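The values are calculated or read from the model by the stated rules, or taken from the named source; none is laboratory data. Owing to the predicted nature of the structure, the values given are computational and were not obtained by experimental measurement. Cβ coordinates were reconstructed from backbone atoms using ideal geometry, including for glycine residues, and neighbour counts include every protein chain displayed.
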Amino acid sequence: MSPSLQNQSIISARNYAEGVPISPRWRAAQFVLMGLIALVAVWFAIAGYRSPAGDSGKFDNFSPFDLVGFGVLAWAVWLVTPTTWTVAITTFHEAIRRRWMGALLGFAVVMLGVSTFFTWMQPGEEQKFLRDYGIGFTVIITLIAAIFLGVAMTVPDIERRTIFTILSKPINRREYLFGKYLGLMMTLALNLLVMSAIFLLAYAYFVISKEGFAAAWRADGLGVSYNGLGFDLSNLAKALWLHFFNLAIMAAVAMALSQFLTGITAIIIAFVVYFLGQSASYWERLAGGSGESGPVLAPAIRGVVDAVYFVLPRLDRFDVRERIVNDLPVGINYMMKAGSMGLVYAAVLLVVAYFAFSDREF
Amino acid sequence: MPQTQEQVQLQTASATSSDVASSASAPGAGEIIIQTRDLNKIYRPSFSRLTKTALHGLTIDVKRGEIFGLVGPNGSGKTTTLKLLLGLIKPTGGSVEIFGRGPRDVAVKSRIGFLPDGPYFPDHLNAYEVLDFYGQLFGMSKDVRRARAEEVLDLVQLNKADRARVVRTYSKGMMQRVNLAQALMNDPELLFMDEPTTGLDPIGARQMKDVTLRVRDAGKTVLLCSHLLADVQAICDRVAILSEGELVKFGTVPELVGPSQNFEVFAEGFSDESLSKASAQGLPFVRENGHVKFEAQSSEGLQTVLRFINDANARTLDVKGYSETLEDVFVRSVKSDGRG
């Protein structure tokens, strides 16, 4: 037997009163990151203020409230302790090693890789088909991953009693939950990155194979790519980047629901929330929030419609497929406004999940 | 909530047993590190008016350097007590203090280890990686984590060849060794163990017992929940017996078992009429392999049985004396509590 039990040196140097310490280097790194976020926020504010109003009404105009998302991001960086980071990395490793995740990603990569073979389905508008197909496929696959993984973040730990071994260590429940969310977002980011890269490569290959390398980049209004390949790729990248905020919200929805409901119920409700959120503009019209005079509704129904409209995430804001397919630009203000809204919404959902989790008994 | 007479008596018993209890000579031995006062837990399922009292008025002190046993039948409140002590559930009433702080305090959790009953670990990790994850939660540096993982895996005697295999391929016994290793990763001052010998073969169970004693000998404190009363009797300094959420017995093992002797008397040659008389006189007996076995819980009882055999003109074959075990105390306590 080892004499290790007599040896107190491993932990005796630590100050028990403070729990696991956060080193000055860690704090310095956090300050650097927060500083970078502040710089980007300033850049966005200046660029957004100078840019002209877009073509989608008030949602394309700059507003100082759009900077709230940067505040949420900075706050999130501050909350990442070494313990949170440990949970996040372990969650990430665990998630990417799940067999069904690998199968899903493999399937998506293959389907996106061979997407150019399906363009015969829409002759004459092949590039439009490719954009629609690529973004749509990526959205569906990553959405399934976000909801299933989001529900599977805390539930298996509780069912398999792993949570006992974790929460009996010097970690508080906020660190655990936030670490799980962070790990989940890292997994979704990797998935989205891989799928986006394959899709954009397939798209570029298709355009170049049709027009030749030099002509593909020209914004001459001719050929397959109307505004040039550079414009198309940047527009597609913006659409995929916006979808990441969609995923951030849906992952938080799934995690929050799993605190109150059983796994399968949480999954079903999360999908319902997604489809309702996608049709938010319809609810907006019903509630009269779009400025148009909505239909005349009975007071009780009006109350329900208003409540649904108020609570629903505006997920349709992250879906710019219509613009992409029709060669319309996605403006910087639109990106900032949608991103900011996504971060605030995800943060609110996480706070709800935390309050439920902090009182939960195991 | 006011304490009952029984609780006050139990506390007195705990005070008198303190000197016997702490066999360790560690600094601070005898200092109270776990204190519960009138601890209650009532479960109320959602959308239901029905309530279930899982624990009622538990008042115990656990002292540094002892192995404290918590025993009781299923549903007696052992696991609820453990969860309350670890802050995994909140009490409905009363208080819990560990090292003078609340159980959810991160500083407290730095000083404790917990071996739960049958947990799973992230199944894509091997034993080193599992321990590395838990080591990181304690803020240990990479070098310390690596060294400590090797040390505790040696301590729990997990084969070196198995350590690099992912834990989903482990047997139940190997998993339990990893479970103990994670509980010891931070060299805890206070170790909670819930059914530590679950899934272990006799050799593994023996090793687990040895490790528990070594932990105590190193000046640590152990709180052990177990169904295996022989093990509890063999290694625990003090024991609390719970039944239906209440503390029914509490003290050192010698205090609980007591100096009394039990006897078994084997005899033959009884008529049916004389055995009817035995039943009428309240003498407990059973028929066994053609003879009759009487039980007596004291010398006076033994004399009564021998007199009865003589009066019935029967023949005494053998008289065996044996000491009471914790199991006897346990069964008697639970039965006398009206729950057996």
(message) Take the residues in region B:63-90 that are more than 10 Å from every other protein chain (Cβ to nearest Cβ) and farther than 17 Å from residue B:192 by Cα; name whichever of them is surrounded by the fewest Cβ atoms within 10 Å (Cβ to Cβ).
(response) B:74
(request) Pull up region B:91-110, narrow it to residues that are surrounded by fewer than 20 Cβ atoms within 10 Å (Cβ to Cβ) and at the interface with another protein chain (Cβ under 9 Å from one of its Cβ atoms), then point me to the one that is farthest from residue B:155 (Cα to Cα). (result) B:104
(request) Could you run through region A:146-175 and say how many residues are basic (Lys, Arg) and over 27 Å from the mean Cα position of the chain (by Cα)? (result) 3
(request) Could you list, in sequence order, all residues of region B:265-308 that are in contact with a strand residue (DSSP E or B) (Cβ under 9 Å, 6 or more places away or on another chain), over 23 Å from residue B:323 (Cα atoms) and among the hydrophobic types (A, V, I, L, M, F, W, C)? (result) B:270, B:275, B:278, B:308
(request) Go through region B:185-197 residue by residue and tally those that are part of a loop (DSSP other than H, G, I, E, B) and buried (at least 20 other Cβ atoms within 10 Å of the Cβ). (result) 7
(message) So, in region B:262-287, how many residues would count as being more than 18 Å from residue B:318 (Cβ to Cβ), within 38 Å of the chain's Cα centre (by Cα) and either touching a residue at least 12 places away in the same chain (Cβ under 8 Å) or in a helix (DSSP H, G or I) (or both)?
(response) 2
(message) For region A:90-108: of the residues being buried (at least 17 other Cβ atoms within 10 Å of the Cβ) and away from chain B (no Cβ under 11 Å), which is nearest to residue A:162 (Cα to Cα)?
(response) A:92
(message) Testing residue B:183 on (1) under 21 Å from residue B:32 (Cα atoms); (2) at the interface with chain A (Cβ under 10 Å from one of its Cβ atoms), one condition comes back false. Which one is that?
(response) (1)
(message) If I ask for residues that are surrounded by 13 or more Cβ atoms within 10 Å (Cβ to Cβ) and at pLDDT 70 or above, which ones from region A:50-74 would you list?
(response) A:63, A:66, A:67, A:68, A:69, A:70, A:71, A:72, A:73, A:74
(request) Out of the residues in region B:111-130 that are touching a residue at least 60 places away in the same chain (Cβ under 8 Å) and aliphatic (A, V, I, L, M), state the one that is farthest from the other protein chains (Cβ to nearest Cβ). (result) B:115
(request) May I ask you to list the residues in region B:81-115 that are part of a helix (DSSP H, G or I) and under 23 Å from the mean Cα position of the chain (by Cα)? (result) B:81, B:82, B:83, B:84, B:85, B:86, B:108, B:109
(request) Among the residues of region A:305-362, write down those that are part of a loop (DSSP other than H, G, I, E, B) and of a type in the set (D, E, K, R). (result) A:314, A:319, A:327, A:359, A:360, A:361
(request) Can you tell me which residue among B:172, B:160, B:209 is surrounded by fewer than 16 Cβ atoms within 10 Å (Cβ to Cβ), more than 30 Å from residue A:81 (Cα to Cα) and in contact (Cβ under 8 Å) with a residue 24 or more places away in the chain? (result) B:172
(message) Given the criterion more than 16 Å from residue A:316 (Cα to Cα) and modelled with pLDDT of 85 or more, identify the matching residue among A:239, A:214, A:219, A:197.
(response) A:197
(message) I'd like to know if region A:120-128 contains one or more residues that are touching a residue at least 40 places away in the same chain (Cβ under 8 Å), surrounded by fewer than 22 Cβ atoms within 10 Å (Cβ to Cβ), within 14 Å of another protein chain (Cβ to nearest Cβ) and within 27 Å of the chain's Cα centre (by Cα).
(response) no
(request) Output the residues belonging to region B:186-204 that are more than 10 Å from chain A (Cβ to nearest Cβ), over 14 Å from residue B:216 (Cβ atoms) and touching a strand residue (DSSP E or B) at 6+ places or on another chain (Cβ under 7 Å). (result) B:195
(message) Against the condition assigned to a helix (DSSP H, G or I) and β-branched (Val, Ile, Thr), how does residue A:171 come out, does it pass?
(response) no
